[in-house]
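Trainee: Can you keep this structure in mind? I'll have questions shortly.
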Amino acid sequence: MTNNVVTYDSAFENPFPDRITKDHKQEAFQVLQWAYRSYDDIVYACSFGAEGIVLIDLISQVKKDAAIVFLDTDVHFQETYDLINAIKERFPDLQITMKKPDLTLQEQASKHGDELWNRNPDKCCYIRKIKPLEDALNGATAWISGLRREQSPSRSETNFVNKDDRFRSIKVCPLIHWTWEDVWEHIRTRNLPYNELHDRGYASIGCMPCTSPSEDPNDRSGRWQGFAKTECGLHTGSPKDSRS
Ligand code: SF4
């Protein structure tokens, strides 16, 4: 980590105040270059959605052996695992870790009952996503996320650099100004692999039991249908919020 860089515990002065330019790609590059210069231990937590593929492509041009973690809940679509293999072939130098939860699905069922996602998705997300990311970050000074402002009201005030109370870290979000069209233009222009489910009406893709097709790519309505839940908890709240 270089001197005088912003950390969770330092006085927070945003190094990238919100200056919207027309060139969202250049903006993202500048933020990523700053981030990799500033933090030796930075981790990209990638869900391998469409935004994730764009970020992988940009990150690989800034640091080709960057550390990337995928939260492998054991209930992802086969198409997602196929995409990860395709990305590993296209970007062989990236250090991609498949981070598993402490509990197998069977252990979770024995302890909390079958298909916990149908009864208490917050608890399931805590066990299978939030705790594993806490472990993967392991006190990292900063992490990267592909959040875009237009995705949902709860993401509309995300900045390039954010003080993240959830993981007591700095969260860097290079794509905040990108539109869904920007994302797909980049994927097409660079001929990047992407999840085949996008061609079958899925916009936001997470775990299989909690993901349905949705027409609007920006309202996350295909996630956790039947629950008043639009986030797994990685981008909201304080450490204790999702343990119940
Ligand atoms: S998205 Fe669904 S299956 Fe995945 S961790 Fe959350 S509740 Fe569990």
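Only the coordinates and a few stated rules stand behind these numbers; no lab work does. Since the model is a prediction, treat every value here as computed from it, not as a measurement. All Cβ positions, even for glycine, are placed from backbone atoms using ideal geometry, and neighbour counts span all protein chains on display.
Trainee: Which of the residues spanning region 81-126 are within 16 Å of the ligand (Cβ to nearest atom) and in contact with a Ser or Thr (Cβ under 7 Å, 6 or more places away or on another chain)?
Mentor: Pro101, Asp122, Lys123, Cys125, Tyr126
Trainee: Restricting region 178-212 to residues that are touching a Phe, Trp or Tyr at 6+ places or on another chain (Cβ under 9 Å) and under 27 Å from Val161 (Cβ atoms), which is farthest from the ligand (Cβ to nearest atom)?
Mentor: Among those residues, the one meeting the criterion is His186.
Trainee: On to the next question. Looking only at residues that are in a strand (DSSP E or B) and of a type in the set (S, T, N, Q) in region 158-173, which one is nearest to the ligand (Cβ to nearest atom)?
Mentor: Per the criteria, the residue is Ser169.
Trainee: Of the conditions (1) over 23 Å from Asn138 (Cα atoms); (2) under 19 Å from the mean Cα position of the chain (by Cα); (3) of a type in the set (S, T, N, Q), Asn14 clears all except one; give me its number.
Mentor: (2)
Trainee: Another question, if that's okay. Condition first: in a loop (DSSP other than H, G, I, E, B) and in contact (Cβ under 8 Å) with a residue 24 or more places away in the chain. Now tell me which residues in region 141-157 satisfy that.
Mentor: Thr141, Ser145, Gly146, Leu147, Arg148, Ser152, listed by residue number.
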